[in-house]
Amino acid sequence: MRKVSLGVVLLGLACAGLALVIALDRRGTPQQAGTVTDAARSTETVAARAARQRAAGAPATKQILFGDVHAHTTFSMDAFAWSLPMLGGEGTHPPADACDYARYVAGLDFWALTDHAESLTPRHWRMIKDTVRACNAAAGDPANPDLVTFLGWEWTQMGNTRASHYGHRNVFLLHTGEDRVPARPIAADGVAFRAMRNDPLNAFQKYIGPYLVDFDNRQRQVDLQHKQADLRSWPVCEQGRPVRELPADCLEVAATPADLFDKLADWGFPAMVVPHGTTWGFYTPPGYDWAKQVTPAQHDPESQRLIEVFSGHGNAEEYREWRAVEFDGQGNPVCPEPTADYLPSCHRAGEIIRSRCDDPASDDCERRVHEAEQNYLAAGRAGHLTVPGVTPDDWLDAGQCRDCYLPPLNHRPGGSVQYILAKRNFEATDEDGDPFGYRFGFIGSSDNHNARPGNGFKERDRAVVTDTYGARSGIAQDQFVDAAKPDPDQRWSQPHELGASRYSFLQVNESERQASFFYSGGLMAVHSAGRDREAIWEAIRRREVYATSGDRMLLWFDLRNAPGGPRPMGGEATMTDAPRFRVRAVGAFEQKPGCPEDVVRTIGAERLAKLSGGECYHPSDRRRPIERIEVVRIRPQIAAGEPVAELIDDPWRVHDCPADGGGCAFTFSDPGFTAGGRETLYYVRALQAPTPTINADGLRCEYDDSGRCVAVDVCYGDPRTDADDDCTAPARERAWSSPIYVHHGG
């Protein structure tokens with residue numbers, strides 16, 4: 001009895017001890033913003049940038065400045081989750097890290113901090129504002145700063161259906177003073193907002209899970225739970241009231257772009273609103289079409305002047321005629337047939353099921369194939385979960401754009417920039433009385449979630465410079481893999497309701513295949529009359545901007561014979577004569593390893609190792625050659641139903657360049673414009689000679705003799721792909737000018 005009593009006592013003590021450990025571990029660590037390094041880059045470094053541009057032929061009146069207005073820190077919920085060691089993350093990177101990275105590592109001229117508003121509490125917003133002001137205070141002379149930092153956020157709208165989906169937009173503000181910015185960021189009231197406030201864990205997962213999944217780093221998991229609980233504790237602001245009458249301690253939301261524009265107009269502060277990820281199938285429903293947003297109600301011409309054409313999540317430029325889903329005359333979804341250019345994922349789901357039939361040619365098998373296709377379509381972007389027991393390899397290259405430059409996962413051409421620019425709404429008019437349509441300037445961004453704005457300067461260290469992540473344990477893998485759980489009694493397709501999914505967010509969005517479509521990120525360039533905040537803002541407002549895939553190419557594009565004088569990229573003109581254009585491009589500098597000496601002296605090797613693994617933007621004196629320049633011409637619709645594919649000439653002109661690295665220039669005109677009698681827009685792409693690029697070969701298909709993809713080699717974010725494998729392949733880094741919009745005077 002004494003032994004039994006002693007055992008009971010020891011068991012009780014052990015349980016009490018475990019309870020105490022759990023109680024201590026459950027104390028989450030509140031997030032902090034970090035401390036900005038209070039030292040500007042040297043004036044010699046800043047002056048050298050302008051001198052190098054003048055040496056390349058830049059005019060003295062303007063300089064090209066490079067920036068990134070789409071960057072996240074681990075204040076964003078998804079970024080915090082991806083930073084967990086169990087997903088291969090390297091730890092938290094708060095806003096101060098982003099400032100130091102932009103200034104010292106990337107050597108940017110400007111940037112914007114745009115964490116997901118759906119993740120931010122009033123406390124986060126105060127810390128973000130303080131960090132942005134500290135970053136600007138360290139920039140030196142306000143008239144000639146080394147770095148301009150804009151305050152902003154991301155409005156992260158997601159819908160599970162085509163009808164409810166509008167997509168993401170970045171918002172950034174001209175001013176940073178307390179009396180000149182909104183009291184709260186404005187979140188999107190949708191799937192993302194509700195998911196971030198949701199508490200999906202049961203008691204066992206919440207209290208015991210961190211010990212089983214990753215014991216050594218259990219506190220990090222508890223901190224994520226604490227961040228979610230903190231977000232849930234704040235009330236949502238009352239709808240319908242003027243924004244200045246709302247309490248400071250609530251979370252403000254807008255359900256649609258129209259609601260967002262109304263709230264920004266109510267505040268009355270200068271702001272830019274930038275759509276992005278418009279073709280990214282990671283979160284965009286199959287068959288999505290931007291056409292429903294071609295309406296004045298979902299637009300503000302003063303603030304929504306730019307669109308993101310490229311980011312670390314892929315290229316949104318290119319239109320294709322194929323679709324992931326088609327619809328019959330009654331609006332019912334139909335699985336498209338495969339073509340030489342595209343394998344619909346719904347069709348691949350049917351073929352996987354066919355391979356499991358005892359008699360693939362039987363009527364019963366055909367029924368199961370059709371059922372699999374319909375189940376896939378009904379599940380939306382979670383269609384891959386309707387087929388049990390598959391791996392990412394089984395899907396081959398289904399759903400992917402085979403001939404796009406660095407495409408996003410599951411490219412949605414109905415949201416492509418070319419499609420958006422070609423569409424017109426003939427039941428509404430713009431401010432000039434013409435059928436309503438969009439006239440955007442083009443930018444590139446990183447969309448990086450590790451506080452690394454402007455990270456596309458070197459194609460190395462995939463896990464550092466991209467958003468790559470992946471499970472590092474068997475238990476974590478259960479919450480990560482793309483496949484539906486195998487069931488020995490079930491080999492046929494099963495329905496899956498996306499809105500009531502029992503799977504994690506990572507599983508629903510094909511995170512395993514997504515790893516093959518993360519890139520190092522793009523950049524925005526502006527032709528600015530000065531380095532100060534107002535000069536940069538004015539260049540943005542007039543759309544005199546261009547995008548790059550990460551390399552800092554120099555690009556000029558002008559309409560030479562416009563009435564009243566030349567128009568630069570982003571400009572508009574009305575004329576009847578054939579427009580004449582001039583374009584000039586100079587390649588980016590090749591990079592040296594490591595970091596510049598002045599950077600190492602200022603912040604030290606240890607700080608650099610945390611920020612970037614010890615690599616920085618470090619230009620040599622040698623420029624990469626421009627291989628060719630392509631001209632794209634788009635003639636927006638002049639009648640409802642006019643086929644969009646026939647209106648996009650890509651490429652319309654191609655100019656081959658000398659291989660001497662000295663740049664490339666040529667002039668061209670459009671003699672057909674006069675007789676065409678319609679508005680036409682023109683933009684150019686400058687392509688460098690091929691260089692190794694992370695994930696340039698996507699899923700790395702193996703092809704048979706007929707050119708069909710018969711096997712893939714997914715570039716995983718977990719140990720299935722070697723940590724030293726950057727998955728590089730040759731690709732042509734490029735720059736996209738903003739279009740010049742030429743209206744026909746006749």
Check your understanding: Residues in region 98-111: is at least one open to solvent by less than 10 Å² (accessible area, probe 1.4 Å) and basic (Lys, Arg)?
Key -> yes
Review point. Which strands (runs of 3 or more DSSP E) sit wholly inside region 678-725 and have at least 3 residues that are open to solvent by less than 60 Å² (accessible area, probe 1.4 Å) and at pLDDT 95 or above?
Key: 680-688, 691-694
Check your understanding: Has region 61-70 got at least one residue that is outside any loop (DSSP other than H, G, I, E, B) and open to solvent by 10 Å² or more (accessible area, probe 1.4 Å)?
Key -> yes
Practice item. Please work out if LEU260 is farther than 25 Å from HIS175 by Cα and under 27 Å from the mean Cα position of the chain (by Cα). Key: no
Practice item. Working carefully through the options TRP82, TRP153, find the one that is over 30 Å from CYS664 (Cβ atoms) and surrounded by fewer than 24 Cβ atoms within 10 Å (Cβ to Cβ). Key: TRP82
Check your understanding: Quick one: would you say THR73 is open to solvent by 10 Å² or more (accessible area, probe 1.4 Å), closer than 18 Å to THR468 by Cβ and among the polar types (S, T, N, Q)?
Key -> no
Review point. Can we say ALA139 is outside any strand (DSSP E or B) and out of contact with any Pro (no Cβ under 8 Å at 6 or more places or on another chain)?
Key: no
Revision key, fill the gap. Within region 552-567, residues in contact with a Leu (Cβ under 8 Å, 6 or more places away or on another chain) and within 22 Å of SER446 (Cα to Cα) come out as ARG552
Review point. Would a scan of region 734-744 turn up a residue that is farther than 25 Å from TYR319 by Cβ, at pLDDT 95 or above and not hydroxyl-bearing (Ser, Thr, Tyr)?
Key: no
**Study point:** Residue list for region 142-172, filter: hydrophobic (A, V, I, L, M, F, W, C), more than 17 Å from PHE75 (Cβ to Cβ) and part of a strand (DSSP E or B)
**Key:** VAL148
Review point. Can you tell me which residues in region 566-591 are buried (at least 19 other Cβ atoms within 10 Å of the Cβ), touching a Lys or Arg at 6+ places or on another chain (Cβ under 6 Å) and part of a strand (DSSP E or B)?
Key: PHE589, GLN591
Review point. Given the structure, is ASP393 more than 23 Å from GLY707 (Cα to Cα), open to solvent by 50 Å² or more (accessible area, probe 1.4 Å) and not aromatic (Phe, Trp, Tyr)?
Key: no
Review point. Between residues in region 245-269 that are free of Cβ contacts under 8 Å to residues at least 40 places away in the same chain and residues that are surrounded by 14 or more Cβ atoms within 10 Å (Cβ to Cβ), which pairs lie under 6 Å by C-beta distance while being six or more apart or on different chains?
Key: ASP266/VAL243
Practice item. Scan region 353-403 for residues that are among the hydrophobic types (A, V, I, L, M, F, W, C), outside any helix (DSSP H, G or I) and over 24 Å from GLY698 (Cα atoms) and report the count. Key: 3
Practice item. Assess whether GLU733 counts as being of a type in the set (Asp, Glu), crowded, with 19+ Cβ neighbours inside 10 Å and over 20 Å from the mean Cα position of the chain (by Cα). Key: no
Point to revise | Near pairs, Cβ below 7 angstrom, 6+ apart or cross-chain, from region 36-60 (farther than 17 Å from ALA588 by Cα) to any residue that is among the hydroxyl-bearing types (Ser, Thr, Tyr) and open to solvent by less than 60 Å² (accessible area, probe 1.4 Å) | key: VAL36/THR131
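Let's see how each residue does on (1) out of contact with any strand residue (DSSP E or B) (no Cβ under 7 Å at 6 or more places or on another chain); (2) open to solvent by less than 10 Å² (accessible area, probe 1.4 Å); (3) assigned to a helix (DSSP H, G or I):
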| position | (1), (2), (3) |
| --- | --- |
| VAL309 | no, yes, no |
| GLU317 | no, yes, no |
| ALA340 | yes, no, no |
| ARG348 | yes, no, yes |
Review point. Does THR674 satisfy being surrounded by fewer than 16 Cβ atoms within 10 Å (Cβ to Cβ), part of a helix (DSSP H, G or I) and of a type in the set (Ser, Thr, Tyr)?
Key: yes
Review point. In this structure, is ILE634 β-branched (Val, Ile, Thr) and within 27 Å of the chain's Cα centre (by Cα)?
Key: yes
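The values are calculated or read from the model by the stated rules, or taken from the named source; none is laboratory data. Since we're looking at a predicted model, the values are computed, not measured. Cβ: placed from backbone, ideal geometry, glycine included. Neighbour counts: every protein chain shown. Quick note on the areas: whole protein, heavy atoms, side chains included, nothing else; ligands and nucleic acids left out. Shrake-Rupley method; radii C 1.70, N 1.55, O 1.52, S 1.80 Å.
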